[in-house]
Amino acid sequence: MSAIPDIHEIRPADFSAVEALYPKAFPEEDLLPLVSALLRQGRDVISLVATLDGVLVGHIALTSCRIEGVTERIALLGPLAVTPEWQGRGIGGALIRDSLERLKDQGFSWVFVLGDPGYYGRFGFQPETHLLPPYEIPEEWRTGWQSIRLAGNKSAPGASLIVPPVWRNEALWRP
């Protein structure tokens, strides 16, 4: 297999492979209901897949969100998965970089993620202290709430990210 993935927007033919990917990549978590809902939502979700020689090896989803009183285009990154045999080989990073470029080209200015700061920090994400997540997150996860500015300046201190219904499940924001 080649080492440089082909990254493209998801197609309906990719859905079953993406749904099969998450239980392999995250055997301890049940992300399948969220992933399935995001795949079927379509509107307001950017969903990219990475393939190597035609085999799906990674997926990333970014959901359009908002902040009350702010007109900027904002996205929430997640989930991101890479098949276990290809983890640690740059597939996830390629998906993140490609998706951030696409978001920037589409006029998005701010991207949020709840994830490993050591991993996402490599791509420019920094701890988010100005905007609150939609649900209170445990203290041990606090440094995992991060953002990256694609354009503009930080704003809306003390406000909360407003997420679409698919993300309005408090369990998604807990260990």
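Measure nothing but the geometry: give the 0 to 90° angle between the long axis through the Cα atoms of 15-25 and the longest principal axis through the Cα atoms of the chain, rounded to 10°. Tilt of helix 15-25: around 80 degrees. Rounded to the nearest 10 degrees, the angle from helix 32-41 to the longest Cα principal axis of the chain is 80 degrees.
The charge dipole of the chain, taken about its Cα centre with unit charges on the Cβ of Lys, Arg, Asp and Glu (plus for the first two, minus for the last two), comes to roughly 420 debye.
For the chain, what is the relative contact order in percent, using Cα pairs closer than 8 Å and at least 6 residues apart in sequence?
Details: 285 pairs, mean separation 34.9, N = 175.
Worked out over the chain, it gives 20 percent.
Scoring 76-83, 14-21 by mean Cβ neighbours within 10 Å over their residues and listing the highest first yields 76-83, 14-21.
Each of ALA3 and GLU136 was given a label point 7 Å from its Cα along the Cα-to-Cβ line. The distance between the two points is 4.8 nm. The GluC sites (Glu not before Pro) found in the stretch 105-161 that occupy coil by DSSP, while having at most 13 further C-beta atoms within 10 Å, are GLU136. Electrostatic bookkeeping for THR51 treats Lys and Arg as +1 and Asp and Glu as -1; over the other residues with beta carbon under 13 Å from its beta carbon, the sum is -4. For semi-axes √(5λ) of the Cα gyration tensor in Å, one of (i) 25, 17, 16; (ii) 28, 21, 15; (iii) 40, 22, 13 was computed from the structure I shared and the rest are decoys. Which label? Label of the calculated value: (i). Each Cα pair under 8 Å and six or more residues apart adds its sequence gap; the mean of these over the residue count of the stretch 21-125 is a relative contact order of 23 percent. A DSSP coil position with no more than 15 other Cβ atoms inside 10 Å describes the following trypsin sites (Lys or Arg not before Pro) in the stretch 66-149: ARG89. How far is helix 91-105 tilted, in degrees, relative to the longest principal axis of the Cα atoms in the chain, given as a value from 0 to 90 rounded to the nearest 10? For 91-105 against the chain, the angle is about 50 degrees.
Read-outs: derived from the displayed coordinates by stated rules, not from any lab. Quantities reported herein were computed from a predicted structural model and do not represent experimental measurements. Cβ atoms come from the backbone with ideal geometry, glycine included; neighbour counts cover every protein chain shown.
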